[in-house]
Each structure stands twice: as structure tokens, then as C-alpha cells.
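Since the structure comes first, as C-alpha cells, the remarks are kept for the end.
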Amino acid sequence: METKRALITGISGQDGSYLAELLIQKGYEVHGMVRRSSRYYIGSDVGASADDFIPRHKNIILHYGDLSDFSSVDRIVRESKPHEIYNLAAMSDVRVSFDVPEYTSDVTGLGALRVIESVRNNGLTDTRIYQASSSELYGKVIETPQKETTPFYPRSPYAVSKAYAYWMCKNYRESYGMFISNGILFNHESPRRGPNFVTSKICRAAVRIKNGTQEILPLGNINAKRDWGFAPEYVEAMWRMLQHTEPDDFVLATGETHSVEEFLVEAFSYVGLDWKQYVKIEPHLFRPAEVDLLCGDATKAREKLGWTPKTTFKQLVQTLMEAEMSHGANKA
Ligand code: NAP
Ligand code: GDD
């Protein structure tokens, strides 16, 4: 039987690294789009440069490219001729998207169009595509919990770009019969989370404060509530979406919501500290428009994909803190 080929854009990110590992375990040949500046987690918790990394994994082939550059996207699609594409690359930082709205629209919005248009132009009619959509689409939420039928109300340039990508994918599915599925994923975290996201920032600070190498933790809106899950479980569901009989849109979430303050309590108590003594609320860390509450209903994913999240909120914080305690020095 022919070896299955998958192309992952964003392979160097949190989800891309876990997904690449999962697909390698399943026997895939994995192609990944990387930028010159990309760093890697795969095979190493501390990261390695692209050129160091390539020889260590014979079934991972990295291609230099950029979602803002159609010729590179198209070349990578043609060279890899993937059975499955996971479009995970994005300018994924919601707050930063307010500072670089045009760039965010180009990469996170138009980037998705470049991927699906390349697949269409090259006549890859059997290629299945996963689009990394987001719970940020729900923004100023119309109902709680949010599910596939909940109307969108995006609240940031990032979310508006993801809405564009979501609808383009849906349109290509309906117009050209392409197999494109949107995963509407609620926040999911791991020890590989980028340092600017709030869970990573809090865990790192708690450990550093405990060790005496940091004094305060500046934060923005700690009343915001998120539905936080564990990233490795979510990438498994991305794969399941592309094995499903038909393309569709699926929410992935835990169904529980917790505030940033609750996260602080758990993380700081793990190292025996009272967060109130160290957190400084900084106005510049608030967003021009905030998403106050996200809480997802993943019933459809459970019923159609057989997927349920397993890691509870407390277990998640524990996992992140344990990793931070043991790898903190490498992430400094
Ligand atoms: P991440 O860690 O921030 O990774 C983003 C990836 O995109 C990185 O590999 C990055 O490469 C790549 N990238 C950025 N700009 C690019 C460009 N112009 N061209 C090519 N690659 C580019 O994000 P993540 O948490 O793994 O999330 C994966 C996807 O799911 C993203 O689309 C995100 O918006 C979406 N999402 C995430 C969550 C979540 O809670 N994690 C929830 C819903 C949706 P470099 O290493 O070169 O920067
Ligand atoms: N990053 C950050 N830094 N967030 C802070 C801070 C801070 O200092 N202080 C408070 N927060 C609040 C934010 O205002 C937000 O309400 C919440 O913490 C979570 O912020 P992030 O961890 O940055 O994640 P996000 O929810 O904005 O976006 C993530 O999840 C989305 C899915 O809902 C990203 O991964 C997006 O790419 C993803 O689509």
C-alpha cells in the first residue's frame, strides 16, 4: 500500500509538532512548511534548528516557504502531493494582531486561501484539508456553550482573518466538492505553548519567582474565561476529522470554563506561593476588544468522531507546572 503523505503548515508550532509526531507514529511521510527563522520541538523538548533536525527523522521532509508567498505554497503542494494537508500556520497571537492587522489578514486569512487554491489548481481532487479554525470566531458570544451552529462575532483582526479562512474553506467545499474540514478549536495548551500565551507566561513566572529569578508577573485582564484543554488530545481529533467519511466542521473543547485568575491560583499554589503578591495588572496588556468568555460544546465531535478530551483543568495546570519545573532552565 502507498505510504500516506501529509503536509503540515505550521509544523514548528505547538500543534504542528505534536501532529507531526502522531502522523509519524501512524506511518505517514510528513512534509512540513518552515520559515528560515522557525524553531522545532519534534524529537526534543528544547528545540533544534531546521538543519540539525532534518537528518534525525527520515520520514519528515521540511520545505522552506511562507503562507504569504503563493509561489512557495504552490511549489510545496506540488512537490509533496499530499493526501492530507493540515493548515496550522498562522499569526496566532490575538493581541499582536491588533498591532499588525494587515499582516495577520495576509497570513492567517489569505494564507488559507493560497493553500486551498493551490490544491484546486493542481487538480489534487483526492487531497483532504484540515483548516485550523478557532473559538475566537465566537468572540462576543451569542450563546453559551458555543457549538458549530453558534453565530460568529469575531473581536480581533486575528479572529476576523480566521472567519475569512473559515468561510473560504466552506465555500470551496460547497463550490468544488473539495474535502475541507474546519476544526473550531478552543484553547489548548502544553509545555510547547509559545511563551506569550497566558498559560505559558504564568507557569514560567511562577517557577522563576519561586527560584528568585523574577520579581513580578505583569498581566492584563485576569477576569477573562477560557475553555482550556491539552494540545496532544486535540491534534488527534484533527487527524480523525480527515479520516471521517465526509468533510464537516467540528468544535473541540472540554466544556469547562475557567478564568485567568483561577489559572493563577492553581499555578502559584503548585509552588506554594500566593499569586496576589506578585501579579501587577498592566493596562497595556489589555486588548482593545476582549473575548470575555469561551466555553465549548464538543458533542458533535464525540458523536461523529468518537473524540472526548481527557485532561481536566487541574491536571492541565499540573502538567504545565511539572514541565516548567523540569525544563524551565531551557526555556529561559
Ligand atoms: P503556534 O504555536 O503559534 O504556531 C504557529 C505556526 O505558524 C508556527 O509553526 C509558525 O512558524 C507558523 N507561521 C506563522 N506565520 C507563518 C507564515 N507567514 N508562513 C508560514 N508559517 C507561519 O500556534 P498553535 O498554537 O500551534 O496553533 C496552530 C493553529 O491553530 C494556528 O493556526 C492557530 O491560530 C490555531 N488555533 C490555535 C489554538 C490554540 O489554543 N493553540 C486554538 C484554536 C486555533 P514559525 O515557527 O516560523 O514562527
Ligand atoms: N497572552 C496574554 N498575556 N493574555 C493575557 C494576559 C497576558 O499578559 N493577561 C491576561 N490575558 C488574557 C487575555 O486577555 C485572554 O483573555 C486570555 O488571557 C487568554 O489569552 P492567550 O493565552 O493569549 O490566548 P487567546 O485566548 O487570546 O488565544 C489563543 O486561543 C485561541 C482559541 O480560543 C490563541 O492560541 C489563538 O491562536 C487561538 O485561536
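Side notes on the structure shown:
- Selection from the stretch 91-124 of residues that are polar (S, T, N, Q) and part of a helix (DSSP H, G or I): SER97, THR104, SER105, THR108, SER118, ASN121
- Scanning the stretch 249-274 for residues that are buried (at least 18 other Cβ atoms within 10 Å of the Cβ) and not in a helix (DSSP H, G or I) gives ASP249, PHE250, VAL251, LEU252, ALA253, THR254, THR257, HIS258.
- Cβ-Cβ under 6 Å pairs, at least 6 apart or on other chains, the stretch 157-184 side more than 23 Å from VAL235 (Cα to Cα) and without any contact (Cβ under 8 Å) to a residue 24 or more places away in the chain, far side among the acidic types (Asp, Glu) and assigned to a helix (DSSP H, G or I): none
- Residues located in the stretch 128-187, provided they are among the basic types (Lys, Arg) and either within 11 Å of ligand 2 (Cβ to nearest atom) or in contact with a Phe, Trp or Tyr (Cβ under 9 Å, 6 or more places away or on another chain) (or both): ARG128, LYS140, ARG155, LYS162, ARG173
- Qualifying residue in the stretch 71-90 (condition: over 16 Å from the mean Cα position of the chain (by Cα), closer than 21 Å to SER37 by Cβ, in a loop (DSSP other than H, G, I, E, B) and assigned by TED's automatic domain parsing to the domain that holds ARG36): no
- Test: SER97 is under 21 Å from SER17 (Cβ atoms), surrounded by 21 or more Cβ atoms within 10 Å (Cβ to Cβ) and among the hydroxyl-bearing types (Ser, Thr, Tyr): no
- When the stretch 275-319 is filtered for residues that are open to solvent by 90 Å² or more (accessible area, probe 1.4 Å), farther than 23 Å from TYR138 by Cα and assigned to a loop (DSSP other than H, G, I, E, B), only LYS310 remains.
The values are calculated or read from the model by the stated rules, or taken from the named source; none is laboratory data. Keep in mind that this is a model prediction, so the values were computed, not measured. Don't worry about glycine lacking a Cβ; one is built from the backbone with ideal geometry, like all the others, and counts go over all protein chains shown. Only protein heavy atoms, including side chains, enter the accessible area calculation; ligands, DNA and RNA are left aside. Shrake-Rupley method; radii C 1.70, N 1.55, O 1.52, S 1.80 Å.
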